[in-house]
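The values are calculated or read from the model by the stated rules, or taken from the named source; none is laboratory data. Not measured: the values here are computed from a predicted model. FYI the Cβ positions are ideal-geometry reconstructions off the backbone, even for glycines, and counts take in every protein chain you see. What goes into the accessible areas is simple: the full protein's heavy atoms, side chains included, and nothing from ligands, DNA or RNA. Shrake-Rupley method; radii C 1.70, N 1.55, O 1.52, S 1.80 Å.
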Amino acid sequence: MTATSQHHWSADPSTLLRVGEGFRLSDVAPDATPGYDGDKKHAHADLETGAEQFDELQERLFAQSREDDDAPAVLLVLQAMDSAGKGGIVRHVIGATDPQGVHLKAFKKPTEEELAHDFLWRIEREVPKAGYIGVFDRSHYEDVLIGRVRELAPPEEIERRYDAIVDFEKRLTDAGVRIVKVMLHISPDEQKARLMERLDRADKHWKYNPGDVDERQLWPAYMEAYQTVFERTSTENAPWHVVPANAKWYARVAVQALLLDALEEIDPQWPAASFDVAAEKARLAAT
């Protein structure tokens, strides 16, 4: 099922981009635009009409939770190499709706307090409540990506974490949280160009991190780590989706489509009035 407000998909992106059996990250071309027949201009139009639908569905989801404590929630997990476009997704996709129903958390390097607990401790505290759309800009997956590549934990601990993540996400989905996991996949050359742009522009210097160059040198190790993540944690209840992200316009319209698909399946409903509407109209008219 493709989003009803987007018109240029030739295939369902939630199926096309989903990590399935036999998936190989090395087979995904970062500059491809799979399943989308339009160009940048069409994507901008779809993103605009999709934003209207996204805003309504988000408001319905939030409104439903005001009367139903067991209302569902949505959690978007964004993972990527640096400069892949996570911020653009937050601005251009999530930013289209009322922020009061959105819970955004950008996970940074763990604090001393967080390191004193299990790696999921700080994650559990940020899970979206009923009616909310949660966004993790980086997530618990850092602990099996950077943790593995940089050897921040012993191999047996990394292995334990894969199973802990699967169990954690199963608990969330059983509790009514719809998880949309997305890896934005860019090429090393595209990342290099984006990082160079940050260095060329004074207004982008604040976004540049010298450590990004160090991480680039570990690119093959990170791709291998991502492949293992997909094999160990892409489940029926919380599958991964890999979105080619060299073309920012494609990544944005694709992630919006995945979220719209999740919300359309939830189909949140406006809550019925808990008061006599006719009586309240009469009372209001009399004032």
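Taking all protein chains as shown and a probe of 1.4 angstrom, residue 115 keeps an accessible surface of around 120 Å².
Ranked by solvent-accessible area (1.4 Å probe, protein heavy atoms only, all chains present), the residues 112, 142, 169 order from largest to smallest as 112, 142, 169.
Among the protein heavy atoms, those of residue 242 account for about 10 Å² of accessible surface (1.4 Å probe, every chain in place). Share of carbon and sulfur in the accessible area of the stretch 68-155 stands at 48%, probe radius 1.4 Å.
Pop out the carbon and sulfur fraction of the accessible area of the stretch 193-281 as a percent, whole number, probe 1.4 Å. The value for the stretch 193-281 is 53 percent carbon and sulfur by accessible area. Which percent, nearest 5, of DSSP beta bridges in the chain are antiparallel? Approximately 10 percent, going by the DSSP bridge assignments. For a straight C-alpha distance cut-off of 23 angstrom, the lysines reachable from residue 170 (same-chain residues fewer than eight places away being disregarded) are 105, 129, 181. On the basis of the beta-carbon distance and an R0 of 25 Å, residue 277 and residue 129 show a calculated FRET efficiency of 0.35.
Heavy-atom accessible area for residue 248, with the other protein chains in place and a 1.4 Å probe, reaches approximately 90 Å². Figure note: 167, 98, 200 ranked by solvent-accessible area, largest first, 1.4 Å probe, ligands and nucleic acids not counted: 200, 167, 98. Where Lys and Arg each count +1 and Asp and Glu each count -1, what net charge lies around residue 63 among other residues with Cβ under 11 Å from its Cβ? Summing Lys and Arg as +1 and Asp and Glu as -1 gives -3. Ranking of 208, 222 by solvent-accessible surface, largest first: 208, 222 (1.4 Å probe, protein heavy atoms only, all chains present). What residue among 255, 74, 213 has the largest mean-square fluctuation in a Gaussian network model of the chain, using Cα springs under 10 Å? Result for the chain, Cα springs under 10 Å: 213 fluctuates most.
Comparing 37, 12, 203, which has the greatest mean-square fluctuation in the GNM of the chain with Cα pairs linked when under 10 Å apart? Judging by the Gaussian network model, the answer is 203. With q set to 0.09, 0.17, 0.23 Å⁻¹, the log10 of I(q)/I(0) for the stretch 32-160, from the Debye formula over equal scatterers at the Cα positions, is -0.36, -1.01, -1.32.
Each peptide in 186-196, 81-91 receives the mean, over its residues, of other Cβ atoms within 10 Å, and ordering these scores from highest gives 81-91, 186-196. Which entries in 86/207; 41/192; 86/204; 192/248; 86/248; 86/108 show an alpha-carbon gap greater than 19 Å? Where the Cα-Cα span goes over 19 Å, the pairs concerned are 41/192.
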